[in-house]
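Structure first, commentary second.
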Amino acid sequence: MSYITLHETKLRHNFKVLDQLFRDHDIEWAIVAKLLCGNEKFLEVLLNISNNEICDSRLSNLKTIKKLSPETQTIYIKPPAKRLAKSIVQFADVSFNTELATLEVLSTEAVKQQKVHRVVLMVEMGELREGIMARNLMSFYREVLALPNIEVVGLGTNLNCLNGILPDEKKLQKLNRFKEIVEEHSGEKIPYISGGSSVTIPLILSNEVPFGINHFRVGETLFFGTNVYKDSLLSGMYHDVFTLTAEIIEMQQKPTIPSGTAGTNLTGETPVFSEEEKGRSSLRAIVDVGLLDIDHKDIQPLNPEIEIIGASSDMLILDLGENSANLEVGDTINFSMNYMAVLRAMNSDYVDKKVKTEVVHLGGASDHYLCLN
């Protein structure tokens with residue numbers, strides 16, 4: 001059975017690097033754990049590293065977090081469905097909101113449960129995903145203030161996830177100004193501006209995050225050490241917190257071009273082959289993972305000699321090159337994974353999940369701080 005490994009020591013290192021960065025800039029931050037898909041084994045690792053604030057967009061995952069660590073503050077980071085109000089109040093200490101009708105239902109439920117439910121009001125800043133239009137923010141806020149057992153603890157925004165709109169100093173200053181206007185007109189203080197995510201981290205490093213942006217929500221950079229802003233990597237962090245391992249179930253010398261009349265394959269494609277490959281062969285291996293578990297375009301063999309040829313529903317086809325590693329049937333091959341690869345594998349019941357704790361050293365990179373590549 002193929003499996004995904006979480007390397008605990010590498011994740012802990014990445015956490016320490018980010019935590020120091022945010023401390024140095026007086027910014028609080030929460031971990032976005034939705035990538036882990038509620039897997040208890042991996043969540044236990046994460047909660048052992050930090051149990052302060054955990055964000056997720058799936059209610060079932062927040063329920064699991066509360067079961068494992070009741071004291072951890074949980075944040076539901078998408079506008080809640082009204083039908084989930086009871087569970088939102090029960091398992092999410094904070095929720096992100098954009099609709100008054102939903103907040104009214106949350107208020108009613110919070111009264112029933114004798115809780116004060118805290119909310120962040122999300123503001124539209126150009127990404128055109130979730131968010132209250134700025135011209136409606138003041139009147140919206142006034143109505144929310146009148147709701148019993150609802151406490152507004154922040155304004156927030158989301159960028160980059162749908163249309164790829166990047167944060168910049170001007171947008172963040174505008175969000176900060178919205179908070180000031182709301183406070184001036186209402187006489188109420190709003191503690192947080194949750195204006196940052198992984199994509200905003202490079203702006204901290206270039207001193208472009210205005211004072212007042214004091215809360216970030218970070219997932220991808222923690223787990224992958226990525227500079228999301230520039231679609232590159234950050235030095236000083238590990239980029240291989242996750243690896244995929246699959247076992248060789250067949251290994252044979254085969255022609256490089258198939259024979260017969262070609263139709264469409266499983267994914268609706270008709271592969272095209274070069275005539276120059278006629279008569280040639282290569283050493284091919286099949287491993288026990290496929291499209292049900294992973295998109296082969298999102299993984300890469302750690303051995304540079306190995307090339308991915310293609311995939312079917314539950315098998316991955318590889319060219320082993322010269323096979324200098326002397327691989328045999330029953331041996332395993334390791335792959336690097338990007339965000340979407342991990343997300344898909346975590347959602348698969350056919351990929352086992354393992355934790356590995358090892359002594360590691362990040363050669364040539366800072367153990368304490370980030371650098372832009």
- Query: What are the principal axis extents of the Cα atoms in segment 283-331, in Å, biggest first?
  - Reply: 30, 20, 14
- Query: What does the charge add up to near residue 219, with Lys and Arg as +1, Asp and Glu as -1, over the other residues with Cβ less than 14 Å from its Cβ?
  - Reply: +1
- According to a simple spin-label model (label point 7 Å from Cα along Cα-to-Cβ), what is the distance in nm between residue 257 and residue 207? 6.2
- Quote the relative contact order of the chain in percent (integer), defining contacts as alpha-carbon pairs under 8 Å separated by 6+ residues. 21
- Express the carbon and sulfur contribution to the solvent-accessible surface of the chain as a percent, rounded to the nearest whole number, probe 1.4 angstrom. 48
- Item | FRET efficiency, 1/(1 + (r/R0)^6) with R0 22 Å, evaluated for residue 283 and residue 249 via beta carbons | 0.90
- Message: Which trypsin sites (Lys or Arg not before Pro) in segment 231-292 sit in a loop by DSSP (not H, G, I, E or B) and have at most 16 other Cβ atoms within 10 Å of their own Cβ?
- Response: 278, 280
- Give, as a single signed number, the net charge of other residues whose beta carbon lies under 11 Å from the beta carbon of residue 85, with Lys and Arg counted +1 and Asp and Glu -1. +2
- Accessible surface, the chain, averaged per residue in Å² (probe 1.4 Å): 49
- Percent antiparallel among DSSP beta bridges (both partners in the chain, rounded to 5): 50
- Under the definition of Cα pairs under 8 Å and six or more residues apart, what whole-number percent is the relative contact order of segment 16-145? 15
- Value of Rg to Rh for the chain (Rh from inverse mean 1/r over Cα pairs, i.e. Kirkwood): 1.04
- Task: Note the full-extension length gain between residue 58 and residue 239 as 0.36 nm times their separation in residues minus their Cα-Cα distance, in nm to one decimal.
- Result: 62.6 nm
- Query: Can you give the Kirkwood hydrodynamic radius for segment 1-105, in Å, rounded to one decimal and based on Cα pairs?
  - Reply: 14.8
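The values are calculated or read from the model by the stated rules, or taken from the named source; none is laboratory data. Every value quoted in this text rests on a predicted model; they were computed, and no experiment measured them. So basically every Cβ, Gly included, is an ideal-geometry build from the backbone, and we count neighbours across all protein chains shown. Just so you know, the surface numbers come from the protein's heavy atoms only, side chains and all, with ligands and any DNA or RNA stripped out. Shrake-Rupley method; radii C 1.70, N 1.55, O 1.52, S 1.80 Å.
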